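Heads up: the structure comes next, in C-alpha cells.
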Amino acid sequence: MRLDITSVGVSFGDATILRDASLEVRSGDVVGLVGPNGSGKTTLLRTVYRSLRPDSGSVLVGGDDIWTLSTRGAARRTAAVLQSGHTPAGLTVTEVVALGRTPHHGLLDRESTQDRDAIQEALKQTGMHAHASRAYASLSGGERQRVLLARALAQQPRLLVLDEPTNHLDIRARFELLDLIRRTGITTLAVLHDLDLAARCCDHLVVLHSGRITAAGPVLDVLTSAVLRDVFGVNATAERHADGVIRITYHAEPLA
Ligand SMILES: Nc1ncnc2c1ncn2[C@@H]1O[C@H](COP(=O)(O)OP(=O)(O)OP(=O)(O)O)[C@@H](O)[C@H]1O
C-alpha cells in the first residue's frame, strides 16, 4: 500500500519544524528517511502514524487521508516501531506481540485462531519464538527491538513506519533486521541514522534538512558528495562497488 505525504507543515509554538514536506513511498518499497539531528525526521514520522496532526498538508495511506479513517482502521493499515521502552511492564514476549492484534478485534473479544496464528508467525519471522514466554523486561536491547517489530508484524499492517529500528543492534543484527523487513514486502518508511545501512538496504532515500526535504530518490542520486558535505557536514563519497553494494568512503579530513 502506498504512502503519499503532501506539503506537510508542522509548527510548535513559534518554531516551524517541518515546511512543505512532500514524499511518496511506492507500494512494497523500503524508503530511508535520513538527516542530521533535529532535522524533523521523528516529527514527520509522527504525522504518518497519527500521533501528530500536521498544521497543513495531507498524509494518504493507500489513497485515503489517514484522518478520515477510524482509529482502528488507521491502525490496521499502519504499524509503528518506535524506540523501545514504551511498553507496559510485567508482560511476556508473547503478550507484547499480542498487543499488535488489538486493531483487529474488540477490547473484550477472545483471541481468535487468526490472532494466534499471526502472533506465532511474527515470533518466528523475528527469531523470537524461543523467547516467547520470557519476561519482556528481561530481554537485551536488541531482543526488545525484535519483539517490537514482531508486535508490528502481528498487526499485519500494509505500511510500516520505523524510528531508528537498528538502535541497540550489533552490526550483523542491523543487516538481519533490515533484511527481514525487506522480505516481508510491506511498504516501509524508516528513520535511519546509519547512512551505510540506509544506502545498502533502501530502495530510495529522503533527506530532511532543517525541516525541509532537500533530496529524494535512488540512493546514489541522493547521497552526492555535495549532500554529504552540505547536509551531514562530512567529506565523503558514496559509490557502488563491484559486488553491487553501495558504500560510503569518508576521506582523510572527514569533517567538511
Ligand atoms: N513537541 C515538541 N515541542 C517543541 N519542539 C519539538 C517537539 N517535538 C520536536 N521538537 C523539536 O523539533 C525539532 C525536530 O525534532 P525531531 O525529533 O523531529 O528531529 P529528528 O530529526 O528526529 O532528530 P534526531 O535525529 O536527533 O532524533 C527539534 O528541534 C525538536 O527539539
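None of the figures in this text is laboratory data; all of them are computed from the coordinates on show. Computed from a predicted structure; not experimentally measured. Virtual Cβ from ideal backbone geometry, glycine too; neighbours counted across all protein chains shown.
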Requested in this report: Please report, largest first and rounded to whole Å, the three semi-axes of the ellipsoid equivalent to the range 1-64, where each semi-axis is the square root of five times an eigenvalue of the C-alpha gyration tensor.
Outcome: 20, 14, 9
**Report entry** Extended-chain gain in nm, criterion 0.36 nm per residue less alpha-carbon gap, His241 and Arg26
**Finding:** 74.8 nm
Requested in this report: Report the dimensions of the range 86-157 along its three principal axes from the alpha-carbon atoms, largest first, rounded to Å.
Outcome: 31, 23, 20
**Report entry** Radius of gyration and maximum dimension Dmax of the chain, Cα, Å
**Finding:** 18.6, 61
**Report entry** In the range 101-210, the trypsin sites (Lys or Arg not before Pro) that fall in loop regions by DSSP, at most 12 other Cβ within 10 Å
**Finding:** Arg110
Query raised in the report: Relative contact order for the range 86-157: what is it in percent, counting Cα pairs under 8 Å that are at least 6 residues apart?
Result: 52 percent
Requested in this report: Rank these for me by crowding, Asp179, Asp64, Asp163, going from fewest to most other beta carbons within 10 Å.
Outcome: Asp179, Asp64, Asp163
Query raised in the report: the range 1-68 to the range 162-230: how many Å between their Cα centroids?
Result: 16 Å
Requested in this report: Determine ³J(HN,Hα), in whole Hz, for all residues of the range 231-243 in sequence, where each value follows from phi through the Karplus function 6.51 cos²θ - 1.76 cosθ + 1.60 and θ = phi - 60°; x replaces Gly and Pro.
Outcome: 9, 9, x, 10, 8, 8, 9, 9, 9, 8, 8, 4, 7
Query raised in the report: Hey, in the GNM for the chain with a 10 angstrom Cα cutoff, which one of Gln114, Gln125, Gln155 fluctuates hardest?
Result: Gln114
**Report entry** Taking Val206, Val219, Val10 and counting other C-beta atoms within 10 Å, the order from fewest to most
**Finding:** Val219, Val10, Val206
Query - FRET E, pair Ala173, Lys124, Förster distance 25 Å, beta-carbon r, rounded to 0.05 - result: 0.90
